[in-house]
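Down below is the structure, laid out as structure tokens.
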Amino acid sequence: MKEIDFKPILKELHLEAKNPGVCTGTEWKYTTGKFIESFSPSDGKLIAGVQQCGVEDYHEVIETAKEAFKSWRMVPAPKRGEVVRQIGLELRKYKEPLGKLVSYEMGKIYQEGLGEVQEMIDICDFAVGQSRQLYGFTMHSERAKHRMYDQYHPLGIVGVVSAFNFPVAVWAWNAMIALVAGDVVVWKPSSKVYLCAVAVHKIVAKVLKENSVPEGVLNLVAADSKVLGDTLFSDKNIPLVSFTGSTRIGKKVGRLVGERLGRSILELGGNNAIIITPNADLEMALRAVVFGAVGTCGQRCTSTRRIIMHESVYETFKQKLVAVYEKLPIGHALDETTLVGPLVDNWAVQDFRNAIERVKKEGGNIITGGKVLEGEDYSSGTYVRPCIAEVENHYDIVQEETFAPILYLIKYKTLEEAIQIHNDVPQGLSSALFSTNMLETETFLSHEGSDCGIANINIGTSGAEIGGAFGGEKETGGGRESGSDAWKAYMRRQTNTINFSTELPLAQGIEFSV
Ligand code: NAD
């Protein structure tokens, strides 16, 4: 691909060579943290830099957010929804440049960058509707002339800590729902993709200003996690921490938030599998597997990592897969012919190399790929050829999530065995089964089927829609965000009983006269 000049796109997104990393809505601060530069994994070039947030700046932001919450919670929810509606309109205007920045800074291909911004737009639309549907139940009281109901109140500050692989959508899933719920948000993005976070805040600032939204409702703290991580997780001012990232860091988040009995939504690693039965449409399965395994260069939490195939289709499907893998166009994420972009950085490449060595050591058979690419087009050192390996499910390396394009093939004889293999990993995020046989599909979705938070039929493991509640079980953390009734985690639930009689009857018929 010919060299790209990214400056016009930075300009369109109102980004400078040096950007402040702290924002309280419309006000930006150059701060006391260390200056950090962002380089594109596609060509290794410097994009721009961010002055990070220091601990003192963080405490100032929290004070501003606490003050903002007092007034924001009193704005009627549909009016808060109106602000979100306008954010959605503004994001539509910036879909292309923001999609390009996501692609250039993180390394996912441009189509996926556009898709990520589309997810932000979709969740805005969803949240606008939700703003008129923050429903509680009403119950019949056991006492005469008493009324009972439950209602949902705003919770306070929601701390959103996001992973590098979804630089903008994860914030939107959380922040748009939190906004209509009457909460205020403090976002700590991944240091690998700060520019995307700054760009998003520049886009929404206009809407906040036009609607006189108080300073402190939407905040950005681009901070070094070593400087701020524990402070934020332990901060009693933050009743809810929504953390998206690795299981390793997620366990620490769970512990620190749990110690103060705060609430956390943990969206952690996956080890997602697709079962392919003898009744599968193999052409459909092929497209789903390839998109799931090599999309975002294997760096989605929902990436397909294991294929559990019936022995009768194993060889045929394996050959089809290998044929596709050997022709995959690998290159610059912004090149429209590319299907596999780079890994995010050299650490990720090292993880890929180490995993391949461990697969071999444990007895696995590499059937294609597994090499780091060299040459002029790959001079950033971040390109790899996606790998397929034949393994056994119990290998230590197979039990782990390697955040890279390595696909494991495993053979099975009976559906019962396939489901047992499927569930026999520590993680429980996304899963799928390909079959046109109802007995197989319903078994997979039943109580004795997949143990994951997401279970699909004839659809791959990645590419979830925002309308469903997103999240997983076991070491994936148990959190749910985005659609369905996930909004309830962002609100404080209250049961109310009102006595409109002239007596004071006690519940359970207890007699107590004074
Ligand atoms: P990560 O755990 O390294 O980082 C996640 C966030 O935590 C980042 O903002 C990072 O700056 C911060 N962080 C890192 N170390 C920290 C520390 N010691 N203390 C405090 N904060 C710290 O994860 P990553 O590499 O950015 O993302 C990849 C991981 O995220 C994968 O495991 C992937 O499966 C997971 N993920 C899960 C979901 C989901 O919804 N389940 C979605 C996307 C990514």
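The values are calculated or read from the model by the stated rules, or taken from the named source; none is laboratory data. Remember, it's a predicted structure, so these values are computed and weren't measured experimentally. In this analysis, Cβ positions are derived from the backbone assuming ideal geometry, glycine residues included, and neighbour counts consider all displayed protein chains. Ligands, DNA and RNA are stripped out before the accessible areas are found, and what is left, the full protein with its side chains, is counted by its heavy atoms. Shrake-Rupley method; radii C 1.70, N 1.55, O 1.52, S 1.80 Å.
Key figures
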{"read-out": "Per residue, in Å², the accessible surface of region 272-465 once ligands and nucleic acids are set aside, probe 1.4 Å", "value": "43"}
{"read-out": "Backbone N within region 411-439 under 18 Å of label point (7 Å from Glu473 Cα along the Cβ vector)", "value": "416-433"}
{"read-out": "Rg(Cα) / (2.2 N^0.38 Å) computed for region 218-345, rounded to two decimals", "value": "1.45"}
{"read-out": "Probe 1.4 Å - accessible area at Ile459, Å² to nearest ten", "value": "100"}
{"read-out": "Pair Arg493, Asp345: separation of 7 Å Cα→Cβ label points (nm)", "value": "4.0"}
{"read-out": "Estimated FRET transfer efficiency when R0 is 60 angstrom, pair Tyr149-Arg287 (beta carbons, to 0.05)", "value": "0.80"}
{"read-out": "Accessible area in square angstrom per residue, region 1-132, 1.4 angstrom probe", "value": "46"}
{"read-out": "Cβ crowding within 10 Å averaged over residues, with 75-86, 133-144, 418-429 ranked highest first", "value": "418-429, 75-86, 133-144"}
{"read-out": "Long-range tail of P(r) for region 272-465 (Cα pairs > 30 Å, %)", "value": "16"}
{"read-out": "Pairwise FRET efficiency - Ile459 versus Glu3, Cβ, R0 = 41 Å, nearest 0.05", "value": "0.60"}
{"read-out": "Share, in percent, of DSSP beta bridges within the chain that are antiparallel, nearest 5", "value": "40"}
{"read-out": "Rh by Kirkwood over Cα pairs, then Stokes-Einstein D for region 329-405 at 1.567 mPa s and 4 °C, µm²/s", "value": "99"}
{"read-out": "Accessible surface of Glu357 - all protein chains present, 1.4 Å probe, nearest 10 Å²", "value": "100"}
{"read-out": "Gain on full stretching of the segment that runs from Thr32 to Asn279 - 0.36 nm per residue minus C-alpha separation", "value": "82.9 nm"}
{"read-out": "Lysines whose Cα lies under 18 Å from that of Lys34, excluding same-chain neighbours fewer than 8 positions away", "value": "Lys18, Lys188, Lys192, Lys226"}
{"read-out": "Mean Cβ neighbour count within 10 Å, used as a protection proxy, ranking 489-498, 18-27 highest first", "value": "18-27, 489-498"}
{"read-out": "Filter on Lys93/Lys206; Lys7/Lys206; Lys320/Lys411; Lys45/Lys100 - keep pairs with C-alpha separation over 20 Å", "value": "Lys7/Lys206"}
{"read-out": "10 Å binning of all Cα-Cα separations within the chain, expressed as whole percents from 0 upward", "value": "4, 19, 27, 25, 16, 7, 2, 1, 0"}
{"read-out": "Protein accessible area in the chain, 1.4 Å probe - carbon and sulfur %", "value": "51"}
{"read-out": "Hull volume in cubic angstrom per residue (convex hull over the Cα atoms of region 423-473)", "value": "85"}
{"read-out": "Cα-based equivalent ellipsoid of region 78-153: semi-axis lengths in Å, sorted from largest, via gyration tensor", "value": "42, 13, 7"}
{"read-out": "Cα long-axis angle, helix 282-294 against the chain (0 to 90 degrees, to the nearest 10)", "value": "70"}
{"read-out": "Karplus 3J(HN,Hα) series, Hz, for region 356-373 with 6.51 cos²θ - 1.76 cosθ + 1.60 (x for Gly, Pro)", "value": "4, 4, 5, 4, 5, 4, 7, x, x, 10, 6, 9, 7, x, x, 10, 8, 7"}
{"read-out": "Chain lengthening between Ala323 and Arg353 when straightened (0.36 nm per residue, less Cα-Cα)", "value": "8.5 nm"}
{"read-out": "Simple label model, 7 Å out from Cα along Cβ direction - Ser379 to Arg263, nm", "value": "5.2"}
{"read-out": "Cut-off under 5 Å, modelled amide H: who pairs with Phe39 long-range", "value": "Ile47"}
{"read-out": "Descending semi-axes in whole angstrom, ellipsoid equivalent of region 10-89, from the Cα gyration tensor", "value": "30, 20, 9"}
{"read-out": "Cα long-axis angle, helix 311-325 against the chain (0 to 90 degrees, to the nearest 10)", "value": "90"}
{"read-out": "Nearest-0.05 FRET efficiency for Thr436 and Thr337, computed from C-beta distance (R0 35 Å)", "value": "0.55"}
{"read-out": "Coil-residue trypsin sites (Lys or Arg not before Pro) of region 371-429, DSSP, other Cβ within 10 Å capped at 16", "value": "Lys371, Lys413"}
